[in-house]
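Engineer: Starting off with a structure, shown below.
The values are calculated or read from the model by the stated rules, or taken from the named source; none is laboratory data. Computed from a predicted model, the values in this text were never measured in an experiment. We place every Cβ from the backbone using ideal geometry, glycine too, and count neighbours over all the protein chains shown.
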Amino acid sequence: MDDGTEKQMLYQPRLEANTNPYPMMIPLPPQEFSLLNRVQEGVDVKASLRQLRLGRLRERGDDIYIPPRAKSSLNEAYEFDLTSKVQEFLSSDGKVFLLLGNSGAGKSAFNRALEISLWDNYDEINGRIPLFINLPTIDKPETSLIDKHLRKLNFKETGIRILKAHREFIMICDGYDESQQTRNLYMSNQLNQPGGWRAQMVISCRTEYNGVDYKHCFEPIDRNGSGKAGLFQEAIISPFNESQIQDYINQYVSLTKTLWKSEDYQRALRQVPNLQDLVTNPFFLKLALEMLPQHLGNNSQISTTCTTRTELYDDFVAQWIDRGKLRLGEMDLNPYDRKTFKRMTDMGFQQHGITYLKELATAIYEHQDGNPMVRYTSHADRGTWKEAFFSERDGGHLLWEVIPLTRNGDQYRFIHKSLLEYGLALAVFGPSKRDEDTETTPSMSRHGCGNSAIRFESPSSTEKTATVDNNSLLDSPLGKRNLVGERSILQFLTERAQQEP
């Protein structure tokens, strides 16, 4: 056998093994295809993030926004700019920032403004990705919260895995209270754990939702069940000051093109008793600016108008309750609460709320001599008058959440004392128009609350004249109470008497 034959025999197995008709084109190994796919997936993720950013910036809108001020706790006197405080937190090693505030204080508005600010300054290559997460819209947010939110934003599973492995996030979680949560979402989602999502969390919650030991629902916890030092911060939004109210009015006048000028609104707010105190809440301020021209027309002078204050409080309370009803409707209530809520809605939810407000105000004057702060714990106050208003039985806890009441641990109070006084005056003498609008009212008489000693005729009656059981009135705490010194209550009653025939 010559050398040529030996060489052919040597290469024959290699030639037979190569099935490619183009020997110079060597197929890429499978891992090379995987690399190309990963590159393409990375391109898709960047495109999705770019689309998300543009979409969120387009939704910026022209809504009125006043940067809020805040305090580190309710009892703290020192106030600070909330935006600067949160930006400072985001530049630190902190992990959870809890934002507290009463209903209508502006928590959601701040969260949206924060997200927009972060997108404005977003670094596409290495920047942390801001996510505004409306917690009530997420099913079981205690697990896979970021995954579920990204799926709602139409991110693909491969893209979600890439983001989890290579990017960091700023989670802006809005509405912890509205999602009916009791879990610590930072801990249950295993944030910043090996193999988990890397993120800082800003999370908001209504002050009145929290009990005494609320921090364990939010702060990072070590293996011993203690909070990790330096990783948790909190702030509570402060009421508007005069400067913020003025800025809000100026923006409102500019955006709505109202016939009133800023000076007209300022004059009206000064002339209606207690109104300036109420409008330190942004939601109440917005309602006041909408309603004042409706009540006064083009004349902002109120010197000759006796009923304006009472009418405004009627509208305030009605719209506050309606807002609370919408919030409850969006919550993930347990089956019993959902059934209770439906029953209240079918019977007239607003009237349920008004009845509750009147009966609570009456009870506070009867049992606490008008002391506005009520302390309640389920164990210590079992069987007391407080249980009927604040326990989870019979839907009481649903109703206190929708009236202008605030909670701090075991302490409950109206957001302003004038609302307590309004509630008592309403229990004595209320507007007949409410009953005409609502055929079915929960244990309600025309004027006065069903459980109080003051009773008036049924709303189904066609008669318009109030009738009072004089014996019941004299025997009741209200009948025995001297209201001569209660100037605000007397003013409400006088205005109501001038309203009603």
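Engineer: Which residue out of TYR365, TYR265, TYR356, TYR336 is touching a Lys or Arg at 6+ places or on another chain (Cβ under 8 Å) and modelled with pLDDT of 85 or more? Lay out the reasoning, then the answer.
Structural biologist: Numbers: TYR265 fails: touching a Lys or Arg at 6+ places or on another chain (Cβ under 8 Å); TYR356 fails: touching a Lys or Arg at 6+ places or on another chain (Cβ under 8 Å); TYR336 fails: touching a Lys or Arg at 6+ places or on another chain (Cβ under 8 Å).
Of the residues listed, the single one that is touching a Lys or Arg at 6+ places or on another chain (Cβ under 8 Å) and modelled with pLDDT of 85 or more is TYR365.
Engineer: Among what's in the range 377-416 and is in a strand (DSSP E or B) and polar (S, T, N, Q), pick the residue that is nearest to TYR313 (Cα to Cα).
Structural biologist: This residue is THR406.
Engineer: Same structure again: Taking helices (runs of 4 or more DSSP H) that fall entirely within the range 131-188, which contain at least 2 residues that are of a type in the set (S, T, N, Q) and farther than 17 Å from ARG50 by Cα? Even if it seems obvious, please write down each step before you answer.
Structural biologist: Details: elements: 145-152, 157-166, 185-188.
Qualifying helices (runs of 4 or more DSSP H): none found.
Engineer: Let me ask you something else. Test each condition in (1) at pLDDT below 90; (2) outside any helix (DSSP H, G or I); (3) buried (at least 16 other Cβ atoms within 10 Å of the Cβ) for LEU287 and report the one that comes out false.
Structural biologist: Single failed check for LEU287: (2).
Engineer: Another question, if that's okay. Please go through the range 94-111 and pick out each residue that is of a type in the set (D, E, K, R) and modelled with pLDDT of 95 or more. Lay out the reasoning, then the answer.
Structural biologist: Initial filter on the range 94-111 (of a type in the set (D, E, K, R)): 95, 107.
If the condition is that a residue be of a type in the set (D, E, K, R) and modelled with pLDDT of 95 or more, then LYS95 is the only one that fits.
Engineer: Using the structure shown, decide if LEU357 is within 25 Å of ILE236 (Cβ to Cβ), buried (at least 19 other Cβ atoms within 10 Å of the Cβ) and under 20 Å from the mean Cα position of the chain (by Cα). Don't jump to the end; show me each part of the working.
Structural biologist: On the way: within 25 Å of ILE236 (Cβ to Cβ): yes; buried (at least 19 other Cβ atoms within 10 Å of the Cβ): yes; under 20 Å from the mean Cα position of the chain (by Cα): no.
Here the answer is no, as LEU357 does not meet what is asked.
Engineer: Still on this structure, please answer the following. Go through (1) out of contact with any Gly (no Cβ under 8 Å at 6 or more places or on another chain); (2) under 30 Å from LEU185 (Cα atoms) for GLN244 and report which single condition fails.
Structural biologist: Every listed condition holds for GLN244 apart from (2).
Engineer: Criterion first (more than 29 Å from GLY324 (Cβ to Cβ) and part of a helix (DSSP H, G or I)) does LEU114 satisfy it? Give the steps one after another, and end with the answer.
Structural biologist: Numbers: more than 29 Å from GLY324 (Cβ to Cβ): no; part of a helix (DSSP H, G or I): yes.
No: the conditions fail for LEU114.
Engineer: Ok, one more. Between residues in the range 260-287 that are at negative phi and outside the structural domain of SER103 (by TED's automatic domain parsing) and residues that are of a type in the set (Lys, Arg) and surrounded by fewer than 21 Cβ atoms within 10 Å (Cβ to Cβ), which pairs lie under 7 Å by C-beta distance while being six or more apart or on different chains?
Structural biologist: GLN276/ARG270
Engineer: Taking the range 189-209 only, how many residues are more than 14 Å from the chain's Cα centre (by Cα), touching a residue at least 60 places away in the same chain (Cβ under 8 Å) and either part of a helix (DSSP H, G or I) or farther than 10 Å from MET171 by Cα (or both)?
Structural biologist: So the answer is 2.
Engineer: So THR438 ticks every box in (1) of a type outside the set (Gly, Ala, Ser); (2) crowded, with 22+ Cβ neighbours inside 10 Å; (3) at pLDDT below 70; (4) within 29 Å of the chain's Cα centre (by Cα) but one. Which box is left unticked?
Structural biologist: For THR438, the exception is condition (2).
Engineer: For the range 417-431, give me each residue that is part of a helix (DSSP H, G or I) and either modelled with pLDDT of 85 or more or buried (at least 17 other Cβ atoms within 10 Å of the Cβ) (or both).
Structural biologist: Taking the range 417-431 first, the residues part of a helix (DSSP H, G or I) are 417-428.
Matches in the range 417-431: SER418, LEU419, LEU420, GLU421, TYR422, GLY423, LEU424, ALA425, LEU426, ALA427, VAL428.
Engineer: Moving to a separate point now. How about the range 360-376: which of its residues are surrounded by 20 or more Cβ atoms within 10 Å (Cβ to Cβ) and either aromatic (Phe, Trp, Tyr) or assigned to a helix (DSSP H, G or I) (or both)?
Structural biologist: Quick first cut of the range 360-376, residues surrounded by 20 or more Cβ atoms within 10 Å (Cβ to Cβ) only: 360-365, 374.
Across the range 360-376, the qualifying residues are LEU360, ALA361, THR362, ALA363, ILE364, TYR365.
Engineer: Search the range 210-221 for residues being in a loop (DSSP other than H, G, I, E, B) and either touching a residue at least 12 places away in the same chain (Cβ under 8 Å) or in contact with a helix residue (DSSP H, G or I) (Cβ under 7 Å, 6 or more places away or on another chain) (or both), and hand back the single one that is surrounded by the most Cβ atoms within 10 Å (Cβ to Cβ). Quick ask: steps written out before the conclusion?
Structural biologist: Going residue by residue through the range 210-221, those that are in a loop (DSSP other than H, G, I, E, B) are 210-213, 218-220.
The next check asks that each one be either touching a residue at least 12 places away in the same chain (Cβ under 8 Å) or in contact with a helix residue (DSSP H, G or I) (Cβ under 7 Å, 6 or more places away or on another chain) (or both); those that pass are 210-212, 218-220.
On the way: ASN210: 19, GLY211: 13, VAL212: 10, PHE218: 24, GLU219: 20, PRO220: 19.
In this case the residue turns out to be PHE218.
Engineer: Right, LEU326: touching a residue at least 24 places away in the same chain (Cβ under 8 Å) and either assigned by TED's automatic domain parsing to the domain that holds THR207 or outside any strand (DSSP E or B) (or both) or not? Quick ask: steps written out before the conclusion?
Structural biologist: Working: touching a residue at least 24 places away in the same chain (Cβ under 8 Å): no; either assigned by TED's automatic domain parsing to the domain that holds THR207 or outside any strand (DSSP E or B) (or both): yes.
No, not satisfied.
Engineer: While we're on this one: So for the range 323-342 (the condition being within 25 Å of LEU275 (Cα to Cα), of a type in the set (Val, Ile, Thr) and buried (at least 18 other Cβ atoms within 10 Å of the Cβ)), does at least one residue qualify?
Structural biologist: Taking every residue of the range 323-342 in turn, none turns out to be within 25 Å of LEU275 (Cα to Cα), of a type in the set (Val, Ile, Thr) and buried (at least 18 other Cβ atoms within 10 Å of the Cβ).
Engineer: Can you run down the residue pairs with Cβ atoms below 8 Å, 6 or more apart or on separate chains, where the first is in the range 160-187 and not assigned by TED's automatic domain parsing to the domain that holds HIS216 and the partner is at pLDDT 95 or above and assigned to a loop (DSSP other than H, G, I, E, B)?
Structural biologist: Listed pairs, sorted by first residue: none to list.
Engineer: Follow-up. Looking at (1) over 22 Å from GLU219 (Cβ atoms); (2) touching a residue at least 12 places away in the same chain (Cβ under 8 Å); (3) surrounded by fewer than 16 Cβ atoms within 10 Å (Cβ to Cβ); (4) not β-branched (Val, Ile, Thr), which is the one condition that is false for ASN121?
Structural biologist: Only one criterion in (1) over 22 Å from GLU219 (Cβ atoms); (2) touching a residue at least 12 places away in the same chain (Cβ under 8 Å); (3) surrounded by fewer than 16 Cβ atoms within 10 Å (Cβ to Cβ); (4) not β-branched (Val, Ile, Thr) is unmet by ASN121, namely (2).
Engineer: If you go through the range 60-81 one residue at a time, do you hit one that is of a type in the set (Lys, Arg), in a helix (DSSP H, G or I), modelled with pLDDT of 90 or more and surrounded by 13 or more Cβ atoms within 10 Å (Cβ to Cβ)?
Structural biologist: Residues of the range 60-81 of a type in the set (Lys, Arg): 60, 69, 71.
From the residues that got through so far, the ones that are in a helix (DSSP H, G or I) too are none.
No.
Engineer: Then there is this: I want to confirm something. Restricting to the range 222-240 and keeping residues that are assigned to a loop (DSSP other than H, G, I, E, B) and either of a type in the set (D, E, K, R) or surrounded by 12 or more Cβ atoms within 10 Å (Cβ to Cβ) (or both), which single residue is modelled with the lowest pLDDT? Can you show your working first?
Structural biologist: First, pick out the residues of the range 222-240 that are assigned to a loop (DSSP other than H, G, I, E, B): 222-226, 228-231, 238-240.
If we keep only those that are either of a type in the set (D, E, K, R) or surrounded by 12 or more Cβ atoms within 10 Å (Cβ to Cβ) (or both) as well, we get 222-223, 228, 231, 238-240.
Values: ASP222: 78, ARG223: 71, LYS228: 75, LEU231: 94, SER238: 96, PRO239: 94, PHE240: 96.
Top of the filtered list is ARG223.
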